[in-house]
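Everything on this sheet refers to the single structure shown next.
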Amino acid sequence: MSDSEIELHTVVRPSWMTGTPECDWSEDSSHENGNYFNKCASCSYDFIGHKLRHVCRKCHYEAKAIYDAMTSEEQAEWDAKRVAEIRDYFKTNAESSHARNER
Ligand SMILES: [Zn+2]
């Protein structure tokens, strides 16, 4: 690999950013919209990655390792809990939106 190829995929991390280079999605850097400054929804540290990412690379792989270590029954239980949380979130927001519309 030549120096110019390496440079293309090097993420430049500004000094004001919190977090560490392990938080950055360096594999996104060559993509269009892959070098946005984002804040992780899990740890709140700054990271560089695609503009649509909400979780840093470190938190993503930590959560993935925990999930992968679960049995299939535990994964099914976890998935069901997440689906229920998402349903509750939209139900709650649909109700508050409905209440606003009645005023
Ligand atoms: Zn994070």
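Our coupling estimate for region 78-94, obtained by passing each phi through the Karplus curve with A = 6.51, B = -1.76, C = 1.60 and θ = phi - 60°, is 4, 4, 5, 5, 5, 4, 4, 5, 5, 4, 4, 4, 6, 5, 4, 6, 5 Hz, Gly and Pro reported as x.
Legend: ranking of residues Trp16, Trp78 from fewest to most surrounding C-beta atoms inside 10 Å; resulting order Trp16, Trp78. By the beta-carbon count within 10 Å of each Cβ, the least crowded to most crowded order of Met17, Met70, fewest first, is Met70, Met17. For Lys39, the residues whose amide H sits under 5 Å from its own are Phe47, ignoring neighbours fewer than 5 places away on the same chain, with H placed 1.01 Å from N. Ordered by the count of other Cβ atoms within 10 Å of each Cβ, fewest first, Asp68, Asp24 give Asp68, Asp24.
Here, each number is a calculation from the coordinates, and none is a lab measurement. Predicted model only: the values in this text are computed from it and were never measured. Because the Cβ atoms are built from the backbone with ideal geometry, glycine has one as well, and the counts that use them run over all protein chains shown.
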